[in-house]
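The next block holds one structure in the form of structure tokens; read it before the comments.
The values are calculated or read from the model by the stated rules, or taken from the named source; none is laboratory data. Values in this document were obtained by computation on a predicted structure and should not be read as measured data. Quick reminder, even Gly has a Cβ in these numbers, built from the backbone with ideal geometry, and neighbours come from all protein chains shown. Ligands, DNA and RNA are stripped out before the accessible areas are found, and what is left, the full protein with its side chains, is counted by its heavy atoms. Shrake-Rupley method; radii C 1.70, N 1.55, O 1.52, S 1.80 Å.
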Amino acid sequence: MTIDDLRLAILDWARSNGILSEEVHYEPGGNLELVPFEEEAAEFFRTRKIVRVVGEGHELSIFSRLPIAKTKKLALKKAFREKHGARFKLTISETKPFKVDQKVQRYGKFEPIRLHRGAICCGSSVGLGNQRNAGTLTALAKNREGRLFGLSCNHVVGGCSIAQPGIPVVCPGIQDVSVEHDTIRVIGFHEKPAQMAQGLPSVIDIGKNKDLSCFEIHPEVQLTSQQGTGDKAYDTPSTFAEIELGLPVKKWGRSTGFTEGQITYISKGKRPEAIEYNVTSFYGPMNSQTFKGTVYYDLVYEVSPSGKPFSLGGDSGALVVTDRGEGDEQIVGIVIAGETSKSVLLPLQPALDELGLTLISAYNV
């Protein structure tokens, strides 16, 4: 018996007892004889629902939508030990969807615009010109005709697919304009987003969901493909990394600057990740539309920080890379949400393919 056999058995048990969240889609076939819980234990999760079961190494983790009582956790762990002894360890905790809105944060020295030889660096603050928001400039890219584009999350520069094409994209984002940072520039114009659709995983193909949008760069504005500034700056990579648990990563972002961490969870084949959005886009002084709902993603990476938070509100769009300590960076993904203890990334290549774009390096560096 492996930890994955046990994971599949618990999923099947939860499904058969009606306590598996409707967003979890999997093929049944687990061996129910491996389940250590009596039938009444299912009642512990009746109003909480199991939303994720993860098996890593010798540890099985069950996540519910809401917390369950300590006494019930102890009863479940006791039954687990009696069935499987010390071979496997059980943890039980709750997990809630990340909430993405237009609130931003700051951490440490705040530099909304980072410059390299007068050119705006990737990792700087960007946003739509008619929204009080701010996110992070991901990278620069070109289409097949050679036109130059900037990238960031759809919820930053695409209004979750409800921003009008042609709306100016500004640096820094409107949220960051202040007495201390009083220079604002139109750096481009919103072009189009990749797909972002609401709907349960059992209803739509969530594999097509991405959180990325592009804008054409203003011809009179100088940008660089360099990520950040100073001795920790690096150029946007041109190759993509093989993602694995424990992979060391780093990024430059609007809110937290340069940070490091490691991949601690990969969702593929385990549970779709639910992200709750609440973003308002404006068409004029009196006209607006709000995108409010849950979008599911079938493949996400979670990053745990090394030291300070890896990302916070406003770091959405930051390009995450790895160099495995060798100074040869490769692309990991793009930040779409973050809090003190963890950050959520999406792979970038599928969104680039949909938009018909290729990242560029060595641009004004």
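One residue stands out in the range 115-131 among those that are under 23 Å from Gly166 (Cβ atoms) and surrounded by fewer than 20 Cβ atoms within 10 Å (Cβ to Cβ): the one that is modelled with the lowest pLDDT, namely Asn130. Would you check if there is a residue in the range 170-177 being farther than 16 Å from Ala351 by Cβ, in a loop (DSSP other than H, G, I, E, B) and modelled with pLDDT of 95 or more? Yes, that holds for at least one residue.
Let's see how each residue does on (1) more than 15 Å from Leu348 (Cβ to Cβ); (2) among the aliphatic types (A, V, I, L, M); (3) modelled with pLDDT of 95 or more; (4) assigned to a helix (DSSP H, G or I):
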| site | (1), (2), (3), (4) |
| --- | --- |
| Glu216 | yes, no, yes, no |
| Val221 | yes, yes, yes, no |
| Gln226 | yes, no, yes, no |
| Pro237 | no, no, yes, no |
| Leu245 | yes, yes, no, no |
| Val249 | no, yes, yes, no |
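Annotation note: Cβ proximity below 6 Å between a residue of the range 229-241 that is farther than 22 Å from Ser125 by Cβ and a residue that is assigned to a loop (DSSP other than H, G, I, E, B) and polar (S, T, N, Q) (sequence gap 6+ or interchain) occurs for Ser238/Ser361. It is to be established whether one or more residues within the range 194-207 are open to solvent by less than 50 Å² (accessible area, probe 1.4 Å) and in a helix (DSSP H, G or I). Taking every residue of the range 194-207 in turn, at least one turns out to be open to solvent by less than 50 Å² (accessible area, probe 1.4 Å) and in a helix (DSSP H, G or I). From the list Glu94, Glu111, Glu145, the one residue that fits, being open to solvent by 60 Å² or more (accessible area, probe 1.4 Å), touching a strand residue (DSSP E or B) at 6+ places or on another chain (Cβ under 6 Å) and among the charged types (D, E, K, R), is Glu94. Pairs meeting the criteria (first residue in the range 309-324 and closer than 9 Å to Gly253 by Cβ and free of Cβ contacts under 8 Å to residues at least 12 places away in the same chain, second residue buried (at least 24 other Cβ atoms within 10 Å of the Cβ) and of a type in the set (Gly, Ala, Ser), beta carbons under 9 Å, at least 6 apart or on different chains) are lacking. In this structure, Thr340 does satisfy being within 25 Å of Ser61 (Cβ to Cβ), assigned to a loop (DSSP other than H, G, I, E, B), open to solvent by 20 Å² or more (accessible area, probe 1.4 Å) and among the hydroxyl-bearing types (Ser, Thr, Tyr).
Applying the criterion of being open to solvent by less than 60 Å² (accessible area, probe 1.4 Å) and under 26 Å from Pro168 (Cβ atoms) to the residues of the range 279-300, the residue that is modelled with the highest pLDDT is Val295.
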